[in-house]
Amino acid sequence: MVKITIDYDKCEGADCAECTDVCPMEILVLEGDKIVIKNKEDCSLCEVCMDVCPNEAVNVEE
Ligand code: SF4
Ligand code: SF4
């Protein structure tokens, strides 16, 4: 089971949104000014979101 967490104390939300642009499975989605996690069971564990996040705010693990 994939576990995806976003540390909202570190996340810049709509001011950044880098992870929403790169996620190939459209799991990280901008809603209002906040990143939300959708359909996390579809996550491919590619870790691209972690790579692009400037603040280490998103974490994906099995
Ligand atoms: S690990 Fe890949 S598929 Fe999973 S949320 Fe991050 S970018 Fe999307
Ligand atoms: S890349 Fe990181 S800081 Fe930017 S919106 Fe995603 S989780 Fe937040």
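Every read-out reported here was derived from the displayed coordinates using simple, explicitly stated rules and does not represent laboratory data. Please read these numbers as outputs of a predicted model, since none were measured by experiment. As a convention, Cβ positions derive from the backbone with ideal geometry for all residues, glycine included, and neighbour counts pool all protein chains shown.
Along the Cα-to-C-beta direction of residue 14, a point sits 7 Å from the Cα; which residues of region 32-54 have their amide N less than 19 Å from that point? Only 32-38 fall inside the zone, counting backbone N under 19 Å. All distinct Cα pairs of the chain go into the 1/r average, and the inverse of that average, the Kirkwood radius, is 11.3 Å.
Couplings 3J(HN,Hα) of region 27-34, computed from phi: 8, 9, 10, 7, 10, x, 10, 10 Hz, in residue order, whole Hz [Karplus 6.51 cos²θ - 1.76 cosθ + 1.60, θ = phi - 60°; x for Gly and Pro]. Placing +1 on the Cβ of every Lys and Arg and -1 on the Cβ of every Asp and Glu, with nothing else charged, gives region 2-46 a dipole about its Cα centre of roughly 220 debye.
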